[in-house]
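Okay, so here's the structure we're looking at.
The values are calculated or read from the model by the stated rules, or taken from the named source; none is laboratory data. Note that the structure is a prediction, hence the values are computed from the model and not measured. Positions of Cβ are backbone-derived with ideal geometry, glycine not excepted, and every protein chain shown enters the neighbour counts.
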Amino acid sequence: MTASETRTANRLAVVATLLGMAAGVAELVVGTSSWIGNKNDPTTLGWVTIGLALGLTAAAAVADRIATADARLAAGLAMVLAALIGLTTAGRVWIPAAIAGATAGAVHVMAAHRRRPIRQLVDNLGPAALLAVLACIYLTFGVVAGGGVGGLGVVGAVAVIVALAIRRRWRLSAAALLIGGAVPFAAVAVWTVVIPLTAVLILAIGLPLVHPSRGPSMR
Amino acid sequence: MAKTQTQSTQTQSAERETAERRKPHSRPVSDLSLADGAPARPVMGRRSFLRQAVFGIGAAFVLADAAVAYRAYDQGVMAEGHGPAFDAWKVWRNRTGPEALVGAAILAANAHNSQPWLFDLFPDRVDLRADLTRSTGANDALNRELFVSLGCALENMLIAAPANGFRPELLPIASSQPDDLVASVALSSQPQFEPDLYQTIGNRHSNRSAYRSDPIPPSSIEAMRSLADESVAPARLVWLVDDRARTRFGQLLVEATVAHIADDDQSKASFAWWRGDWNAIQRHKDGLNIDGVGLPPLVRTLGKILPTTSRESADQTFLDRTRIQVRTAAAFGIVVVDDPTSRSQQLAGGRLLQRLHLWAAAHDLGFQHMNQVTERIDRDQQLGRVSPFSSPLEELAEPTALAAFRVGTPTVRSAPSPRRAPSEVTR
């Protein structure tokens, strides 16, 4: 990635964050409005919108700091995803942030592709990305549920992400984190259907990832 | 010159090799070529193919899981009792002055959670008015349950008044007053104290689950009977606790439910208050929803994730649930008055019902209003025909039965129902 592209992507990320935070604050202050998607719970979604906006800068910072093709692809995709999700949390007022954030994300994705083909990057990152999606499901329901039960969901999500991060160096610990993160929330929320399903997928995808076998696997 | 050419060639070759090494992960091209000499495309190894196939299957499962998760999130799974529609249950004690009484009143039991009330606030008075636009139509053909519901709200106001430093006094309603004025409560100051049932106002929810087979202790029966004091006269309570009476009344309820769902107008009027998705619950803040049906948690979740129910399906569920509810009732109670068509006696009956419901909640008993029989009686009267339910009900209770309920030990915890905020019902 050239210096010019880096500057452009970073500036776009900052602009997206500022616009996104403005959208979130507007949602908190104004409440229900057609411009903000007529949400029933604008308070919660306003904070989520602010979180997404901050996530855009965080993703850009990760891409800039680590600067590998894998990191750029992951960050770029995360920025595009955050840009899209914000449209569901804040409606039309998020559009400027979405455009800036998605553009910044696209710059990172293209830079990653120039270094290594996307196919190879997906091959490397794919299972980890799937696990990150599953962790997001845990996080979402953990926040929704609240209380002690919700806390298990939030902790479980964090445990999955940490397991991803440490899997190459501390495989046993990563496996323990996956099991310890996924099982408790699924046990107390077994009636939700979606949480135990997610737990099964976390273990089915995550355990081979941290303990790769000789046979064909997802790695 | 020859030596220079050789050096040049070697240099170019070395440069090419260096460039090739520097290419990030360039894939080696198979040296097989096609029979016609055209270069062959790279062949994917079996291991690589299997790896990508496994990844594809995993991605498909994760995508499906994410879709189900989104549906569950959108339908409020794990969010029961949360959101603006349920704030009224959390903040009802935060208000002061006459508005505090409204905060308590709006948590009262009421038909189909239609919340048919409006309030006028004055510094020393609260007026309770009937919101007839919230009648449940053919389901409550003569507005009997509407006024009983207003009686429930009135009782909550009268219980909440001392807890907020007021001495309440029910004022007589002059005939010159507007028709929709149901009750006028004058407020004067007195030392604050909390009546026995005050704290339970925020915990009272109808429980439509199956009940356990534990009988109601005679002491509880008597305690609830004693709640029908002079303040709610002429409302009084008839208990159906012996097996014969319970079974017979249960049969009546099932038969009335069958008649209800066969009556297109009643079925539609009832379904109009069904809030089938989370957004509708939060938007309307009224009506009935799947969290209040009394289903086990897993069944409830599946009901939310699967496509929204139809009216016919809802009718069948209503009948199936009624069969379970009557079979598991420990006892039925019937509130009786002298004239069930009298508005003032409907209010009195409503006050007694609310008192009974609060007492049951305070003692961890399940309580569910079950008025299919009287609904059919009123509907038959509206249609100008003799109701087949009048005589059987008269045999069990008195000819002037107003409303009925069941009690028992619940198997599933009851869920709060959505409520409109005081600001939405105060003029």
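In table form, for the structure just shown:
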item	result
Test: residue in the stretch B:88-110 that is of a type in the set (S, T, N, Q), away from chain A (no Cβ under 14 Å) and part of a helix (DSSP H, G or I)	no
Boolean, B:SER226 is surrounded by fewer than 21 Cβ atoms within 10 Å (Cβ to Cβ) and in contact with a His (Cβ under 9 Å, 6 or more places away or on another chain)	no
Residues of the stretch B:111-137 classified as assigned to a loop (DSSP other than H, G, I, E, B) and more than 21 Å from the chain's Cα centre (by Cα), total	2
Positions within the stretch A:99-148 being assigned to a helix (DSSP H, G or I), more than 20 Å from A:GLY206 (Cβ to Cβ) and not hydrophobic (A, V, I, L, M, F, W, C), in sequence order	A:GLY101, A:THR103, A:GLY105, A:HIS108, A:HIS113, A:ARG114, A:ARG115, A:ARG119, A:GLN120, A:GLY147, A:GLY148
Failed criterion for B:LYS285 (all others in (1) within 17 Å of the chain's Cα centre (by Cα); (2) more than 14 Å from chain A (Cβ to nearest Cβ); (3) not hydrophobic (A, V, I, L, M, F, W, C) hold)	(2)
Selection within the stretch B:288-313 - in a strand (DSSP E or B) and more than 14 Å from the chain's Cα centre (by Cα)	none
Residue within the stretch B:170-179 that is over 22 Å from the mean Cα position of the chain (by Cα), more than 24 Å from B:ALA401 (Cβ to Cβ) and not in a loop (DSSP other than H, G, I, E, B) present	yes
Flag if B:ALA280 is within 11 Å of chain A (Cβ to nearest Cβ), over 10 Å from the mean Cα position of the chain (by Cα) and in a helix (DSSP H, G or I)	yes
Subset of the stretch A:80-122 [surrounded by fewer than 19 Cβ atoms within 10 Å (Cβ to Cβ), among the β-branched types (Val, Ile, Thr) and within 13 Å of chain B (Cβ to nearest Cβ)]	A:ILE85, A:THR88, A:ILE118, A:VAL122
Answer from B:GLN316, B:GLN368, B:GLN354 - the residue that is part of a strand (DSSP E or B), in contact with a helix residue (DSSP H, G or I) (Cβ under 9 Å, 6 or more places away or on another chain) and in contact (Cβ under 8 Å) with a residue 12 or more places away in the chain	B:GLN368
Matching option when the condition is in a helix (DSSP H, G or I), at pLDDT 95 or above and within 10 Å of chain B (Cβ to nearest Cβ), among A:LEU178, A:LEU201	A:LEU201
Residues of the stretch A:52-81 satisfying the condition of being in contact with a Lys or Arg (Cβ under 7 Å, 6 or more places away or on another chain) and either under 23 Å from A:PRO96 (Cα atoms) or not in a helix (DSSP H, G or I) (or both)	A:ALA63
One residue from A:THR49, A:THR43 being within 14 Å of A:ALA90 (Cβ to Cβ), assigned to a helix (DSSP H, G or I) and at pLDDT below 85	A:THR43
Number of positions in the stretch B:64-89 that are touching a residue at least 12 places away in the same chain (Cβ under 8 Å) and under 23 Å from B:ASN113 (Cα atoms)	14
Contacts under 6 angstrom Cβ, first residue in the stretch B:294-306 being more than 8 Å from chain A (Cβ to nearest Cβ), partner surrounded by 22 or more Cβ atoms within 10 Å (Cβ to Cβ) and charged (D, E, K, R), 6 or more apart	B:GLY294/B:ARG208
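Yes/no per residue for (1) assigned to a helix (DSSP H, G or I); (2) more than 21 Å from A:VAL80 (Cβ to Cβ):
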position	(1), (2)
A:GLU5	yes, no
A:LEU12	yes, no
A:LEU19	yes, no
A:TRP35	yes, yes
A:LYS39	no, yes
